[in-house]
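One structure is given below, encoded as structure tokens.
No lab work stands behind these numbers, since they all come straight from the coordinates. In this text the structure is predicted, and so the values were computed from the model without any measurement. Every residue, glycine among them, receives a Cβ derived from its backbone with ideal geometry; neighbour counts consider all protein chains shown.
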């Protein structure tokens with residue numbers, strides 16, 4: 001699967017935009033006023049946020065594939081509908097605490113990627129404190145697991161997670177591309193491409209806790225197969241550097 005090949009003609013990326021060359025269309029985004037690099041501390045209902053954090057002293061927070069799976073399993077338990085969890089785990093008493101803390105109606109995870117020493121989320125918040133509750137519960141669950149497994153104590157992450165408001169469609173789209181390309185850029189014993197939401201954007205897998213539809217709907221074609229194909233071309237073939245467009249919205 002070749003990355004960053006030359007792009008010829010493709011469908012419009014933004015709703016109602018005229019069909020044109022993808023790279024020419026995206027160049028106009030660079031001229032838009034960029035949002036401040038200030039980290040958001042106040043969250044709004046219906047807001048979109050790039051959430052990220054890394055390990056303290058840039059240490060690894062995912063040492064093997066099992067760590068990645070546990071992290072995503074916790075996300076699944078917090079963000080899947082309660083009835084789905086009860087059906088899947090009818091006799092699991094330990095799962096009960098996740099049900100009481102379920103946030104499936106308060107937070108939507110649109111996009112994610114795990115990396116050796118950090119992670120990225122694109123989250124839509126549906127309630128006033130959804131992100132705060134989700135991140136606090138997820139971080140607590142994972143740190144408890146990690147410290148017990150590796151017989152360590154103390155903090156795992158580099159301070160509080162960072163959250164940046166995404167207030168334009170252009171940034172929203174390019175942020176998913178930036179996040180999904182992250183795992184392609186590293187060499188690791190862990191195949192981190194398997195631990196991102198990209199597979200859910202480009203395959204028939206549709207777990208309830210990840211929401212790719214809102215991003216795929218930016219593409220003008222109605223047939224889902226072509227939507228997926230167009231998004232994949234946008235991610236892998238465009239010559240535009242999404243990190244330049246997203247200056248101030250990505251990890252330092």
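Some points to look at:
- Residue order, fewest to most surrounding Cβ atoms within 10 angstrom, among 140, 42: 42, 140
- Ranking of 129, 189 by count of other Cβ atoms within 10 Å, fewest first: 189, 129
- Extents of the range 63-113, largest first, come to 30, 24, 15 Å (Cα atoms, principal axes, whole angstrom).
- If you sort the three axes of the alpha carbon gyration tensor as a ≥ b ≥ c, you get a/c of 1.5 or more for the range 33-177 and a/b no higher than b/c, which makes it oblate.
- Spread of Cα-to-Cα distances over 10 Å intervals beginning at zero, given as percent, for the range 115-232: 10, 34, 38, 15, 3, 0
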